[in-house]
Amino acid sequence: MPLLAADNLSLERGGRQLFRDLSFKVFPGQLVQIEGANGAGKTSLIRILAGLSRYGYEGRVSRSGAMLYLGHHSAVKALLTPRENLAWHVSGEADFSDRDIEHALARVGLYGYEDVPSHALSAGQHRRVNLARLYLSQSPLWILDEPYTAIDVTGVGELETLFAQHARAGGAVLLTSHQAMAVDYPVSRLDLTAGIAS
Amino acid sequence: MPLLAADNLSLERGGRQLFRDLSFKVFPGQLVQIEGANGAGKTSLIRILAGLSRYGYEGRVSRSGAMLYLGHHSAVKALLTPRENLAWHVSGEADFSDRDIEHALARVGLYGYEDVPSHALSAGQHRRVNLARLYLSQSPLWILDEPYTAIDVTGVGELETLFAQHARAGGAVLLTSHQAMAVDYPVSRLDLTAGIAS
Amino acid sequence: MWSFFHKLGSPPWLYGIAGTILRYLLPVTLLALVAGMVWGVLFTAPDFRQGNSYRIIYIHVPAAVVALAGYYVMAIAGAVSLIWKMKMADIAMKSCAPIGAALTFVALVTGAIWGKPTWGTWWVWDARITSMLILLFLYLGVVALYEAYDNKEAAGKACAVLSLVGTVNIPIIYKSVDWWYSLHQPASIKFTGESSIDPSMLYPLLLMITAFYLLFTCALLMNMRAEILQRERRTKWVRKLVEESA
Amino acid sequence: MNAPSTPQFCLRLLRRQLVLAIRRPIEIGNPLLFFAMVVALFPLGLGPAPDKLADFAPGILWIIALLSNLLTSDSVFRSDYDDGSLEQLLLSPQPLYLSVLSYIGAHWLVTGLLLALVSPLFAVMLNLPAAGIAALFASLLLGTAVLSLVGGIGAALTVGLKRGGMLISLLILPLYMPVLIFGSAAVKAAVIGAPAAPYLAILGAMLSLAIALAPVAAAAGLRISVDA
Amino acid sequence: MNAPSTPQFCLRLLRRQLVLAIRRPIEIGNPLLFFAMVVALFPLGLGPAPDKLADFAPGILWIIALLSNLLTSDSVFRSDYDDGSLEQLLLSPQPLYLSVLSYIGAHWLVTGLLLALVSPLFAVMLNLPAAGIAALFASLLLGTAVLSLVGGIGAALTVGLKRGGMLISLLILPLYMPVLIFGSAAVKAAVIGAPAAPYLAILGAMLSLAIALAPVAAAAGLRISVDA
Amino acid sequence: MYFDSLQAVLYMDGHGPYVWAAYIITVAVILLILWAPVGRKTRFIQQLQGELRRAAGAPNNKGDSNASGS
Ligand code: HEM
Ligand SMILES: Nc1ncnc2c1ncn2[C@@H]1O[C@H](COP(=O)(O)OP(=O)(O)OP(=O)(O)O)[C@@H](O)[C@H]1O
Ligand SMILES: Nc1ncnc2c1ncn2[C@@H]1O[C@H](COP(=O)(O)OP(=O)(O)OP(=O)(O)O)[C@@H](O)[C@H]1O
Ligand SMILES: [Mg+2]
Ligand SMILES: [Mg+2]
């Protein structure tokens, strides 16, 4: 059974047809990268798939099982510390134990920054707080919009390894990125640049 | 004469010494990439060099000639169109003619989007509005904090060509980026990862 | 003369000299406070019109006088900090605000308590009282602004700007409130005529005013010392001092 | 690791919102200071005559409570929208009705409740007769809760607009008016010695209605707003 | 391409700010609607006895003008800070004093001026005697300009704060008070047939002082608060 | 001494509660004014001592960057 199925999606925005009759399925074990130039419609597509956009498009989306979505915005509250940001996360996904949180923060290179207010973090560290949720997640389907933004080279490498691991363990990752993925796991590509993709 | 000279800069933030006794000069024709992991202090350094941070560091910065600074934030007003954003830019640098503006917008791939409100642009298109200022600029020194954020592959390539051109014409570019530069022009590197750099 | 100013700008010197001054001044201050209070509460005759409630004067008036004076100290320090970029002035200004706010609070509370037996009400919108309330807001504004900034050096500058703006406004506020009151309302309630104050009441009052000035000075120096340590935490002399005190 | 129970989740949200409020000390103290300062504005604008002021005190205090609620309502969901947390909340498997109620509850705790607690002080400053103070306290306690709930609807509807800031006041001020009318009527009744209970009962009824319906409306508003 | 002359640059800024305000129609209409609604609140809260209202109309109208200014002051530099435009302004070679003055001027045009223009309408709604209307208009015209200037200082000092909350109201309300006193006094004087000119003259003097000093303070505040 | 008994001191012809309340509040505030900087200084010294000890105990440890929010 697919974790995600898009059925005949069409979207027009600002007078431009971004995609038409787009159908695809994402199965466990798949790593899918959505590609396309700036303005191709990657974010628009992802928000439809995640269920955040509910109006103005045609077609159907069906998902089975839990999903973790990380968007353009980091969902990190500047006034809370990284630890609090994870412990009190509003997604209501799961109760993380303090040990798990520390472990996840260490994995994203924030060891020692657990209790610094997040507004005193650098741009990349700020985004890493949110990425730590990937290490805590139990959801099989991950939908990520430009997860590499502001992340340094080492960080990108670690994330790619994590994605491959997640796919191997029966999960699936659907992500957008302008960087080519350099990971030893087959990556499916979904190209939106053509305007009408498949 | 150097366009920018940093003299014995030291900065401590959040209890960590980010850099100590950092001295360097940027001459016309130079392309300098500041490197370092997330949280190394690139943004902090750049804000000091641009004259935005005025407290809490030691050392001296001197600049000669005009400077163009583009920071983490895009300085694009969502309610204005790209055309208006450039025409009424608050930097007060120069009066751009409408033809120049259209030309610059076309160069960053926004042909046809001149009169769309900027909040209806994609993330990358939004940043491109600001990058169009590079094509309009008369300033010899460019200081850019992660100019490639959200920009697609073609866009990055075009920017690199522009930087090389600017340096060849006697300008200088100082930028931070996590991506290695792939341009046929000598790039000086300033590595902050060591904590104490030179 | 110049070397004195130069020294004033030097944190370790100021820290040391403030400590020395405090060693002598603090006992004197406490003594004066206790003596003045005991004298005022126990050893003076009651006022013939207000009875014993007038004994509040010995804390009310000094608190009000020093609270007002404190604002000018703060503003001058702020001006020095902005114009001559003197770090220590910044610290002095920052340290004035909470003390001034506390004293203003004392003046307001004691005044309100005094008002109940004399005027029959806790509060009236008298010119002086209203402007005292506004003064409290001005002080609290400085405290809150300082706390809200993370970069304390920037916080000092921001507060200096604010206190200078306030200085321009204090006379305007005071005059306008004064004038507002006289315009609308024939004063139904007046402060006691101060001209007829008896020497037996005046002397303890003067003592208490002096004591409150001393209190302000001591608290200011203590606050400045704490602040100096915090701002200079990276320097060798502070580390040495801290290690020694272990 | 398993999904938290709904009550647990709501408590967590409440705690989060309260901590966020406390991290900005001024945010907590401010409704009070605002109250104090606007109380001072009225004598300055209207004239200090104590008897006149006493006449108007119930209305003035209620108007200020309402304004200070109005000023802060916009912020209930604003920062969560700006930083992307709101999207996460909408995707969460927890019932949105209760999440929204937690947000609004936290807002009420740091504005309405605090305001009610200090209102006696300001009542004295405006020479409100002592008889009215209990009624003022009770009416503020109930009434500000209604205000927060109604304000939550406005906040939810406008949070996705590029700049909703003041639009919210337009949307919700008309809904505030019944609260103002009954709230100040309760105090006035108590001042002249009439029973305030009927008015308080009406406020209580409004509160029940608002608790039942406002979070539903606010939740729907949020879903629409993220799509704006 | 050469650098624009300073007056040109200021006009450009003013135009930009005005266009931004007009793009959010609600921003323009809102102070007025706010005014209208709060004018409606007062009779509700205070009781509708017309003579009482007329007595208090000058003060009430002025208090509302002040509050609506307070509500909008925070936004003068806010969005420019959030999107990075403010950094660009600070780096610009143009004199910051004049740039700041343009921002504040635009703010006044869309709040104070508009408010003054519609104030006669609301004065009539609150039964203000006709004699006071001219004075109300004139005093609002001058007074709201002072309010905008002073509000600009508060906005500049707090724009960079993560934990500022509504700090701005604490900073500027005390400074607003003299304006309130003289503004409402001018109207009251006109109502009872006394000359309003002296009060207006004082407001004018305050305005001159504020024009000279407030942009300096605001400019200093901006430079400091981008570093908060 | 103006008063003849402790009773009289406390009662002050009915004004006692006002006078004593005013004085008690004032003394409390004065103590607070004087105690606040002392407390601040002690807390700071303890904190810095801890920091120095940690730095001495764990040389070039990347984890010592545990910034305080102050
Ligand atoms: C909350 C209420 C009150 C406040 C805020 C207040 C404030 C002030 C202020 C600001 C001063 C001026 C100090 C100076 O000269 O620089 C003052 C002085 C004084 N107050 Fe009050 N006051 C209050 C209530 C009262 C009451 C109820 C009384 C007595 C009935 C009183 C009696 C005096 C006297 C005798 C002086 C000194 C004489 C003078 O300078 O005029 N005050 N007060
Ligand atoms: N406002 C602040 N207060 C205190 N510390 C800060 C603040 N901003 C950043 N820091 C700290 O300063 C260090 C450097 O931050 P900076 O933003 O300069 O890093 P950067 O090199 O630009 O990183 P990135 O690649 O993530 O953008 C970080 O360790 C961060 O924790
Ligand atoms: N709110 C909006 N209203 C109207 N049109 C929009 C809106 N947001 C985006 N668009 C248009 O939709 C198209 C796709 O935008 P989208 O954000 O999906 O692109 P993207 O592929 O994510 O680009 P990027 O790589 O820059 O993030 C763009 O051409 C943009 O102009
Ligand atoms: Mg996108
Ligand atoms: Mg950075």
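Every read-out reported here was derived from the displayed coordinates using simple, explicitly stated rules and does not represent laboratory data. Just so you know, these numbers come straight off a predicted model, no measurement behind them. Cβ placement follows ideal geometry from the backbone for every residue including glycine, while neighbour counts extend to all protein chains displayed.
So here's what we get for this one:
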| read-out | value |
| --- | --- |
| Fraction in percent of alpha-carbon pairs per bin - 5 Å, chain E | 1, 7, 14, 18, 18, 15, 11, 7, 5, 2, 1, 0, 0, 0 |
| Helix E:197-225 vs. chain E, principal-axis angle (Cα, 0 to 90°, nearest 10) | 30 |
| At 7 Å out from Cα toward Cβ: E:THR6 inter-copy label distances (nm, ascending) | 6.5 |
| A:TYR69 long-range amide H proximity, modeled H, under 5 Å | A:ILE143 |
| Residue (of A:PHE24, E:ALA220, B:PHE96) at the positive-pole extreme of the protein assembly as shown, dipole from beta-carbon charges | E:ALA220 |
| Amide proton proximity set for A:LEU22, modelled H, under 5 Å, gap of 5+ | A:ASN8, A:LEU9, A:SER10 |
| Pair-distance profile P(r), taking every C-alpha pair of the stretch E:69-169, with 10 angstrom steps and integer % | 15, 39, 27, 14, 5, 0 |
| Under 5 Å, built H, 5+ apart or other chain: amide partners of A:GLY29 | A:GLY170, A:GLY171, A:ALA172 |
| Peptide-level mean, for D:188-199, of C-beta atoms on other protein chains within 10 Å | 0 |
| 222 nm mean residue ellipticity, helices alone, for the protein assembly as shown (DSSP H n ≥ 4; -39,500 (n - 2.57); rounded to 500) | -21000 deg cm²/dmol |
| Alpha carbon centroid spacing (whole Å) that separates the stretch D:172-228 from the stretch B:63-84 | 46 |
| Ordering of C:62-69, A:123-130, D:60-67, B:179-186 by burial proxy (mean other Cβ atoms within 10 Å per residue, highest first) | D:60-67, A:123-130, C:62-69, B:179-186 |
| Cross-link table C:LYS175/E:LYS162; D:LYS52/D:LYS188; B:LYS25/C:LYS236; C:LYS157/C:LYS240, entries beyond 25 Å C-alpha to C-alpha | C:LYS175/E:LYS162; B:LYS25/C:LYS236; C:LYS157/C:LYS240 |
| For the B-to-A rotation axis, chain B residue with nearest beta carbon and its distance in angstrom | B:THR149, 3 |
| Teacher prompt: D:VAL216 distances to equivalent labels in other copies, 7 Å Cα→Cβ, nm | 6.1 |
| Euclidean distance between Cα centres, the stretch E:44-95 to the stretch B:4-37, Å | 43 |
| Cα Rg, Dmax, the stretch B:76-139, angstrom units | 10.4, 30 |
| Cβ-defined net charge surrounding A:LEU134, 11 Å radius [Lys, Arg +1; Asp, Glu -1] | +2 |
| In degrees, nearest ten, helix D:6-23 long axis to first principal axis of chain D (Cα) | 60 |
| Mean Cβ count within 10 Å, highest first, over the residues of peptides D:193-200, A:34-41 | A:34-41, D:193-200 |
| Size-normalised alpha-carbon gyration radius of the protein assembly as shown, reference 2.2 N^0.38 Å | 0.98 |
| Helix C:152-184 vs. chain C, principal-axis angle (Cα, 0 to 90°, nearest 10) | 10 |
| Cβ neighbours within 10 Å from other chains - mean over B:71-77 | 6 |
| Label 7 Å beyond Cα on the Cβ vector: D:PRO198 copy-to-copy distances, nm | 5.0 |
| Residues B:HIS119, A:HIS119 arranged by fewest to most Cβ contacts within 10 Å | B:HIS119, A:HIS119 |
| Long-range tail of P(r) for the stretch C:18-245 (Cα pairs > 28 Å, %) | 40 |
| Residue mean of other protein chain beta carbons inside 10 Å, D:122-128 | 3 |
